[in-house]
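Written below as structure tokens is the structure these notes are about.
The values are calculated or read from the model by the stated rules, or taken from the named source; none is laboratory data. What you see is a predicted model; the values in this text were computed from it and never measured. Cβ sites come from the backbone with ideal geometry, for glycine too, and all protein chains shown count toward neighbours.
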């Protein structure tokens, strides 16, 4: 379905949620002027709050929120940590022992592991993935042995662990091995072809829709959500109106109520103009 279709069941939109990579930002890491102005109009003129719903850590969202003209709510680690109106709505730290358990498996497939605290990140080597992470969040992380970082003596609290590899087939094999068992408290989800994330079982971006709707005392039918990748599917299904970008995966498009333009073509602003501002 496209954004020009009439959707008679659409309720009043009172919250807008959006994924970041492939959705809110373009390939240069920027929010387009059209999207920024549309979101500003929705938030400041129509009183519709905006929430950034990402797998990123809080410290990695500063380069995104700084591009907006208003204060957005943020949901990090696919919903493990949520802030709105300057208040912590939800905060669920992951047991370091659980993350430590999957570390040998990640290494056995030759993948690069990466772990996150709320505002920083830890890797073992300064490699291409380390440099990529700097470009993504705008600052350096910490280099140290991950067993040491995940030990009780480190005093650090972590939320998730990633496996990175340029070969998607290797990550697919890693996920297949993971699913054979031995990790009852974790789930593995792709956030891009090169990134496999390990999060507490049951964690999805759909949780953010529930938690923020409850916090705002609205129904989930009053939420519009934007996404592009398979880890956005739950959020798009759970929101009253799910919108997939034209660059999204086929699986994500299949569950969306609408498919808008791509993230390179200001798809968010286009959808808001058609579905909200003209309603």
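Hey, any hits in the range 129-142 for a residue that's free of Cβ contacts under 8 Å to residues at least 40 places away in the same chain and over 21 Å from the mean Cα position of the chain (by Cα)? Within the range 129-142, one or more residues are free of Cβ contacts under 8 Å to residues at least 40 places away in the same chain and over 21 Å from the mean Cα position of the chain (by Cα).
Looking at the structure I just gave you, is residue 209 in a helix (DSSP H, G or I) and either modelled with pLDDT under 95 or under 15 Å from the mean Cα position of the chain (by Cα) (or both)?
Working: in a helix (DSSP H, G or I): yes; either modelled with pLDDT under 95 or under 15 Å from the mean Cα position of the chain (by Cα) (or both): yes.
In short, yes.
Considering the range 140-155 alone, what residues qualify as being buried (at least 18 other Cβ atoms within 10 Å of the Cβ) and under 17 Å from residue 93 (Cβ atoms)? Across the range 140-155, the qualifying residues are 146, 149, 150.
Scanning the range 164-183 for any residue that is on the phi > 0 side of the Ramachandran plot, assigned to a loop (DSSP other than H, G, I, E, B) and under 23 Å from the mean Cα position of the chain (by Cα) turns up nothing. On inspection, residue 118 passes the criterion of being part of a loop (DSSP other than H, G, I, E, B), at pLDDT 95 or above and closer than 28 Å to residue 67 by Cβ. Exactly one of these conditions fails for residue 119: (1) within 19 Å of residue 195 (Cβ to Cβ); (2) surrounded by fewer than 20 Cβ atoms within 10 Å (Cβ to Cβ); (3) outside the structural domain of residue 231 (by TED's automatic domain parsing); (4) under 19 Å from the mean Cα position of the chain (by Cα). Give me its number. Just one mismatch for residue 119, condition (1). The residue list 236, 272 contains one member that is over 15 Å from the mean Cα position of the chain (by Cα), buried (at least 19 other Cβ atoms within 10 Å of the Cβ) and not assigned by TED's automatic domain parsing to the domain that holds residue 168, which is 272.
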